[in-house]
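Encoded as structure tokens, the structure appears first; notes follow it.
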């Protein structure tokens with residue numbers, strides 16, 4: 001089912017009749033996949049919610065970039081608001097209010113992200129299970145892959161020469177295992193519960209051909225190794241789950257009680273493409289505030305800006321039950337399931353398509369917030 005986009009077609013606007021006719025089967029498949037996933041979740045006792053897109057804070061992670069707007073009141077007082085980068089804050093407030101299983105197909109917005117796997121506005125499938133562990137989310141992810149394969153009649157998915165049978169058994173790899181297997185780096189030797197060995201990781205990364213800048217932090221080097229040496233090899237031949245992240249790489253996740261230097265976070269990969277990001281939710285507002293402040297200080301150092309902290313979210317967090325939540329890039333799922341070459345081919349009304357000469361995506365993360 002994989003198809004290439006002719007140059008003449010790519011040069012036409014998405015609303016031209018001949019181009020829409022070519023994309024329409026992909027878009028109808030998108031609708032069928034969404035309906036089938038919705039039916040599965042409703043059958044599991046979930047309710048669908050519609051989180052508001054305008055928020056006081058768009059999310060507080062260093063490398064997430066938001067769209068800022070301005071609210072003008074009837075009294076002409078102005079205040080900054082943001083289009084959310086994920087529906088996470090709003091949905092966790094609903095958990096605090098008493099909901100136990102909820103999901104949303106949420107439009108979300110991220111600046112500085114545009115490419116074959118990225119669009120500035122895209123759809124995130126986000127869902128939460130109160131009182132349950134991340135194992136249940138892994139099962140949900142497997143079901144979503146099976147649903148998309150059944151709808152399209154296409155179980156062998158491809159992306160840039162990589163293939164994956166999404167109905168085969170899954171790989172489960174910890175971050176420490178992945179760094180050693182794919183990059184020959186003993187990651188666990190460069191961090192513990194109290195701190196990191198930045199220089200130790202820099203030396204190991206440089207030995208594997210990773211360009212390390214003087215100003216790079218431990219997290220920067222971690223991300224470079226993950227992007228260059230590990231992610232392209234995940235989810236090849238069969239879907240892969242990457243799990244047990246260093247806690248400093250999981251800003252909203254709960255630490256693993258038996259091993260507090262790690263967080264109960266996972267990501268799902270297919271054909272080297274990251275599809276989902278989930279974790280056991282942190283419910284300690286004091287620790288969450290500290291993490292947000294550290295992230296925003298780093299954002300200000302690197303990017304020269306910081307976003308406000310949603311105080312209402314932190315207040316709700318104190319009332320939120322233990323829960324596990326996950327976000328899945330719905331457009332990427334449809335793209336892979338239909339064999340479309342770019343994410344824009346499966347968006348009903350894509351905004352500003354990247355040129356064919358645009359640089360390949362440097363970051364595939366689908367973080368929730």
Report the gain in length on full extension from residue 156 to residue 31: 0.36 nm times residue separation, minus Cα-Cα distance, nm rounded to one decimal. 43.0 nm
Per 10 Å bin, what percent of the C-alpha pairs of region 163-311 does each bin hold, from zero upward? 11, 36, 37, 15, 1
Long-range Cα-Cα pairs in region 188-229 (distance over 11 Å), rounded percent: 61
Report the FRET efficiency, 1/(1 + (r/R0)^6), for residue 146 and residue 21, where r is their Cβ-Cβ distance and R0 is 41 Å, rounded to 0.05. 0.85
Length-normalised contact order of the chain, Cα under 8 Å, at least 6 apart, in percent, tallies to 24
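Over region 149-200, what relative contact order in percent results from Cα pairs under 8 Å that are six or more residues apart? Show your work: numbers first, answer last.
Working: 29 pairs, mean separation 8.9, N = 52.
Result for region 149-200 is 17 percent.
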Plugging the Cβ-Cβ distance of residue 11 and residue 47 into 1/(1 + (r/R0)^6) at R0 = 56 Å yields, to the nearest 0.05, a FRET efficiency of 0.80
Compute the length gained on full extension between residue 349 and residue 302: take 0.36 nm times their separation in residues and subtract their Cα-Cα distance, giving the result in nm to one decimal. 13.6 nm
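What is the Rg over Rh value, at two decimals, for the chain, using alpha-carbon atoms and the Kirkwood definition of Rh?
Over the Cα atoms of the chain, Rg/Rh equals 0.95.
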Given points 7 Å out from each Cα along the Cα-Cβ axis, report the residue 206 to residue 75 separation in nanometres with one decimal. 5.7
Mean ellipticity per residue at 222 nm, deg cm²/dmol - from DSSP H runs of n ≥ 4 across the chain, formula -39500 (n - 2.57): -10500 deg cm²/dmol
So what is log10(I(q)/I(0)) for region 1-122 at q = 0.14, 0.17, 0.22 1/Å, when the Debye sum runs over its Cα atoms only? -0.88, -1.08, -1.23
Once normalised by the length of region 121-248, the mean sequence separation of its alpha carbon contacts under 8 Å that are 6 or more apart gives a contact order in percent of 30
How far apart, in nm, are two points set 7 Å out from the Cα along the Cα-to-Cβ line at residue 315 and at residue 169? 5.1
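Throughout, read-outs are computed from the coordinates displayed, never taken from laboratory work. All values derive from a computational prediction rather than experimental measurement. Here the Cβ is made from the backbone with ideal geometry for all residues, glycine too, and neighbour counts use every protein chain on show.
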